[in-house]
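Asker: Below are the structure tokens for one structure; questions will follow.
The values are calculated or read from the model by the stated rules, or taken from the named source; none is laboratory data. On a predicted model such as this, the values are computed, not experimentally measured, just so you know. Don't worry about glycine lacking a Cβ; one is built from the backbone with ideal geometry, like all the others, and counts go over all protein chains shown.
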Amino acid sequence: MENKDIYDDISSIKNIMERSTKFISLAGLSGVMAGIYALIGAGIAYMIIPQYNTISVADYDKAYTETVSGNTYHSLSVELILFVVALVILFLSIGTGILLSARKARRNNQSVWNPSSKSLANAGLLPLLTGGCFAFILYLQHHYGTIAPTCLVFYGLALVSASKYTYGDVKWLGLLEIILGLLSLMQPGYGLYFWALGFGVLHILYGTIMYFKYDRVNVK
Amino acid sequence: MLTLNNFDKAFENRIRLQVMSVLVANESYDFNSLKELLATTDGNLASHLKALEKEEYISVNKSFLGRKPNTKYKATEKGTSAFKKHLEALENLIKQQKG
């Protein structure tokens, strides 16, 4: 057996094991888009939540404390608009992610729905759905102040869990989201800022890094 | 002279070696995904899968997804240990060359 053959064999084993277990068509650009949607959403929330645009942060803290002690200050329509905005961001982000990843997969002659993307979805879905239910229950119980940290923490857990089946970098994004969520929990009243930082800024940063690290090479 | 001890004839072919790599790294894999991953033809892949099946290195599970046949392959214990032995043999060969 030739020397070169052995090394070829070994590198083909390594390559195929990686490609068969990891979904590598995840598009960096979809992260950037998700971040932009999130920032737009956070902007809308900032404008329609009266506490953010009419009173200072100190007053907001007071208002928040009053909420905790039982007084609700949100009008129903504001809550409903926020809920709809959140849903629209979610669907736009997931839709863009699937669309761009499908495009990248086609370029790599892979299908977007393959065993590795199924494993990816399986691993990420449970923490994500649990977090969704958790946040929705908080919403129903009027615990608005803890919704943003909850979203960040559970989303981070979903990313860490799914990272086994795609680029390892996803794990770092997940860990940062969890840390941000916990910090947010310690700073009541600033949830929207943390939310915008985690879902907006981090996504854009992460997506840009991924784009330059993996996607641009493929285009050339 | 290099010794070719423990070299598994079943893995001489690159496709068969790759199929085994996929099945060792994953719980199971279906025919179409294998075909896509290895960029090979139906006939070529089928004949190599047959060969591995004959060696009892892989097990086959045929089912239907709606009307489409969905054939799933798994590495057997025998296949997994044969694959490991083959890797060890490759490793030894490299060591011999270095020493």
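Asker: So which of A:Val68, A:Val84 is surrounded by fewer than 18 Cβ atoms within 10 Å (Cβ to Cβ), modelled with pLDDT of 90 or more, more than 14 Å from chain B (Cβ to nearest Cβ) and farther than 30 Å from B:Tyr29 by Cα?
Answerer: Numbers: A:Val68 fails: modelled with pLDDT of 90 or more.
That would be A:Val84, the only listed residue that is surrounded by fewer than 18 Cβ atoms within 10 Å (Cβ to Cβ), modelled with pLDDT of 90 or more, more than 14 Å from chain B (Cβ to nearest Cβ) and farther than 30 Å from B:Tyr29 by Cα.
Asker: Considering the stretch A:182-198 alone, what residues qualify as being under 12 Å from the mean Cα position of the chain (by Cα) and touching a residue at least 24 places away in the same chain (Cβ under 8 Å)? Working first, answer last.
Answerer: Let us first name the residues in the stretch A:182-198 that are under 12 Å from the mean Cα position of the chain (by Cα), namely A:195-198.
If the condition is that a residue be under 12 Å from the mean Cα position of the chain (by Cα) and touching a residue at least 24 places away in the same chain (Cβ under 8 Å), then A:Trp195, A:Ala196, A:Gly198 are the ones that fit.
Asker: So which residues in the stretch B:30-45 are aliphatic (A, V, I, L, M) and closer than 20 Å to B:Phe83 by Cβ, if there are any at all? Give the derivation first.
Answerer: Within the stretch B:30-45, the subset aliphatic (A, V, I, L, M) is B:34, B:37-39, B:45.
The answer is B:Leu34, B:Leu37, B:Leu38, B:Leu45.
Asker: Okay, next question. Within the stretch A:23-42, identify whether any single residue is in contact with a Phe, Trp or Tyr (Cβ under 8 Å, 6 or more places away or on another chain), within 14 Å of chain B (Cβ to nearest Cβ) and at pLDDT 80 or above, and answer yes or no.
Answerer: Yes.
Asker: Hey, another quick one. Find the residue count for the stretch A:1-21, including only residues that are more than 20 Å from A:Tyr167 (Cβ to Cβ) and facing chain B (nearest Cβ under 7 Å).
Answerer: Within the stretch A:1-21, the subset more than 20 Å from A:Tyr167 (Cβ to Cβ) is A:1-10, A:12-13.
Next, only the ones that are facing chain B (nearest Cβ under 7 Å) stay: A:1, A:3, A:6, A:9-10, A:12-13.
Adding up the residues that qualify gives 7.
Asker: List the helices (runs of 4 or more DSSP H) that sit entirely inside chain B and contain at least 1 residues that are over 21 Å from A:Ser116 (Cβ atoms).
Answerer: B:14-25, B:42-54, B:77-98
Asker: Here's something else I'd like to know. Is it the case that the stretch A:118-138 has a residue that's in a loop (DSSP other than H, G, I, E, B) and at negative phi? Let's see the steps before the verdict.
Answerer: First, the residues of the stretch A:118-138 that are in a loop (DSSP other than H, G, I, E, B): none.
Within the stretch A:118-138, none of the residues are in a loop (DSSP other than H, G, I, E, B) and at negative phi.
Asker: Out of A:Gly168, A:Gly95, I need the residue that is within 14 Å of the chain's Cα centre (by Cα) and away from chain B (no Cβ under 14 Å). Which one?
Answerer: Criteria check complete, one pass: A:Gly95.
Asker: Now, a different point. Being surrounded by fewer than 17 Cβ atoms within 10 Å (Cβ to Cβ), closer than 27 Å to A:Ile49 by Cβ and modelled with pLDDT of 95 or more is true for just one of A:Thr150, A:Thr130. Which residue is that? Write out each step before concluding.
Answerer: Values: A:Thr150 fails: surrounded by fewer than 17 Cβ atoms within 10 Å (Cβ to Cβ).
Criteria check complete, one pass: A:Thr130.
Asker: When you scan the stretch B:80-87, do you find a residue that is farther than 28 Å from A:Asn108 by Cα, among the aliphatic types (A, V, I, L, M) and in contact (Cβ under 8 Å) with a residue 40 or more places away in the chain, even just one?
Answerer: Yes - at least one qualifying residue is present in the stretch B:80-87.
Asker: Given the criterion out of contact with any strand residue (DSSP E or B) (no Cβ under 9 Å at 6 or more places or on another chain) and at the interface with chain A (Cβ under 9 Å from one of its Cβ atoms), identify the matching residue among B:Glu88, B:Glu36, B:Glu56.
Answerer: Values: B:Glu88 fails: at the interface with chain A (Cβ under 9 Å from one of its Cβ atoms); B:Glu56 fails: at the interface with chain A (Cβ under 9 Å from one of its Cβ atoms).
Exactly one residue qualifies, and that residue is B:Glu36.
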